[in-house]
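Chemist: One structure coming up, written as structure tokens, with questions to follow.
The values are calculated or read from the model by the stated rules, or taken from the named source; none is laboratory data. Note that the coordinates shown come from a computational prediction; the quantities given were computed from them, not determined experimentally. Reconstructed Cβ throughout: ideal geometry from the backbone, glycine too, with neighbour counts over all protein chains shown. Remember, those area values only see protein heavy atoms, side chains included, never the ligands or the DNA or RNA. Shrake-Rupley method; radii C 1.70, N 1.55, O 1.52, S 1.80 Å.
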Amino acid sequence: MKAIRVPKEKAEEVRKVAERSSAKDKRRLVVCRGDYVEIPIYDGFEHLFSYEIVEQENPVFAKSKDLFGILKKRIPENLHNLIPRRYKIIGDLILVKIAEELENYKSLIGETLLEIHPHCKAVWRDMGKKGMLRRPEVELIAGEGSETVHRENGCLFKLDVTKVMFSPGNLAERMRMAKLGKGEVVIDMFAGIGYFSIPMCVHSRPEKVYSIEINPDSYKFLLENIKLNHVDRIVPILGDSMFVIPENIEVDRVIMGHIRCHEFIPAAIRALREGIIHYHESVPEAVINRPVERIKRAARDEGREVKILNFRKVKNYSPGVIHVVVDARIC
Ligand SMILES: C[S@@+](CC[C@H](N)C(=O)[O-])C[C@H]1O[C@@H](n2cnc3c(N)ncnc32)[C@H](O)[C@@H]1O
């Protein structure tokens, strides 16, 4: 879906031209991105404008087409509180969580979402992720197709939603990682399809990123994404990061992007002579210090010093549980 990218001060003028020429895509809102504004247009109108035309990432859709507003007329009133308010758009696929009580309405929900987002080809019911491999449990409820290419922050992520997860909620953290690592040797211990390795290589030019992934399905997409994004500094490794971290390399940074990976902290510490760990964990708010304590304890056991640099929330994980990331310097 295309948009005209114009400096803020020109936005109003260009928007009017787009409206008058029927080029403006009415389904999407004009969005502000830093000093620029993106004005959504329909395909085929690009030649009318002398400004940059971009493929729009994360478009914002007009409110009149909200799912609840449409479905409340089609679903009995006693179920209204269960109508999904949120859903994820990954490339041209939609993932939506649906309560069991709405089982009989799942196709209706899927078809309605396709009406709202005509550029999407299928809707999948999201039933969570399983085990250490974070394998998605999904069910097709409308349309067809499970493979897509998600565009984000100047990177392309090819994936199959039936085989690997993608969490749009981690966008801010992926963007933060994209700014780090310049000139460094990095180990991405839970690389997946390249969630952190790809943005880092696209935007920061690290010396090398060793991207370790245990699941052959994710690894296959990691290889494809390396090619798609034309990055040549990733060394993909298929295996268990507990055992396959390369030896005899000087590592500056270790990314531990798995929310249940505390058992791997000692291995990450051993990989670093001096450097930074980005450690993720899903933690109940009642024991919010647990991730920091785990890092400190592991460092002590390894006879190393540690300085906690940063503690940030990535997103809400479940009621009372948050996904956090701790940056720690190991000396
Ligand atoms: C899905 S990612 C986490 C999501 C990511 N942080 C994001 O931004 O969306 C976690 C990955 O770690 C992989 N994994 C799990 N255990 C592993 C291990 N022991 N060694 C290497 N990779 C592992 C899983 O297969 C999965 O692809």
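Chemist: By the gyration tensor of its Cα atoms, with a ≥ b ≥ c the square roots of the eigenvalues, what is the shape of the stretch 166-229: rounded for a/c under 1.5, prolate for a/b over b/c, or oblate? The partial results should precede the final answer.
Modeler: Values: a/c = 1.69, a/b = 1.24, b/c = 1.36.
It comes out oblate by the Cα gyration axes.
Chemist: Further question: Please give the per residue accessible area of the stretch 161-330, computed with a probe of 1.4 Å over protein heavy atoms only, in Å².
Modeler: That works out to 45 Å² per residue.
Chemist: Still on this structure, I have one more. At a 1.4 Å probe, what is the % contribution of carbon and sulfur to the accessible area of the chain?
Modeler: 49 percent
Chemist: Determine the relative contact order of the stretch 12-157: mean sequence separation of Cα pairs under 8 Å and six or more apart, normalised by residue count, in whole percent.
Modeler: Once divided by the residue count of the stretch 12-157, the mean separation gives 16 percent.
Chemist: Take every Cα pair under 8 Å in the stretch 2-55 that's 6+ residues apart, average their separations, divide by the length, and report that relative contact order as a whole percent.
Modeler: Relative contact order here is 54 percent.
Chemist: Taking the alpha-carbon centroid of each part, what is the distance from the stretch 131-164 to the stretch 68-93 in angstrom?
Modeler: When both Cα centres are located, 21 Å separates them.
Chemist: Please tell me the relative contact order of the chain in percent, rounded to the nearest whole number, where contacts are Cα pairs under 8 Å and at least six residues apart. Don't jump to the answer; show the numbers that get you there.
Modeler: Values: 659 pairs, mean separation 31.0, N = 331.
Computed value for the chain: 9 percent relative contact order.
Chemist: State the percent of C-alpha pairs, over all pairs in the stretch 161-330, separated by a distance greater than 26 angstrom.
Modeler: Distances greater than 26 Å cover 23 percent of the Cα pairs.
Chemist: Would you mind working out the magnitude of the charge dipole of the chain relative to its Cα centre, with +1 at each Lys and Arg C-beta and -1 at each Asp and Glu C-beta, to the nearest 20 Debye?
Modeler: With Lys and Arg at +1 and Asp and Glu at -1, about 760 debye.
Chemist: Follow-up question, since we're still on this one. Just to check, using Stokes-Einstein with a Kirkwood Rh over alpha carbon pairs, what's the diffusion coefficient of the chain at 37 °C and 0.692 mPa s in µm²/s?
Modeler: Here the translational diffusion coefficient equals 151 µm²/s.
Chemist: Hey, another quick one. Given a 1.4 angstrom probe, what's the average accessible area per residue across the stretch 2-55, in square angstrom?
Modeler: Numbers: 3200 Å² over 54 residues.
Ligands and nucleic acids excluded, the result is 59 Å² per residue.
Chemist: Within 10 Å of each candidate Cβ there may be at most 16 other Cβ atoms; applying that plus a DSSP loop requirement, which GluC sites (Glu not before Pro) in the stretch 179-265 survive?
Modeler: Taking the stretch 179-265 and a limit of 16 other Cβ atoms within 10 Å, the loop GluC sites (Glu not before Pro) found are 207, 247, 250.
Chemist: Ranked highest first by the average count of other Cβ atoms within 10 Å around their residues, in what order do 325-331, 139-145, 159-165 fall?
Modeler: Packing order, densest peptide first, comes out as 159-165, 325-331, 139-145.
Chemist: Under a cut-off of 17 Å between alpha-carbon atoms, report the lysines in cross-link reach of residue 106, not counting same-chain residues fewer than 8 places apart.
Modeler: Here the lysines satisfying the reach criterion relative to residue 106 are 72, 73, 88, 97, 121.
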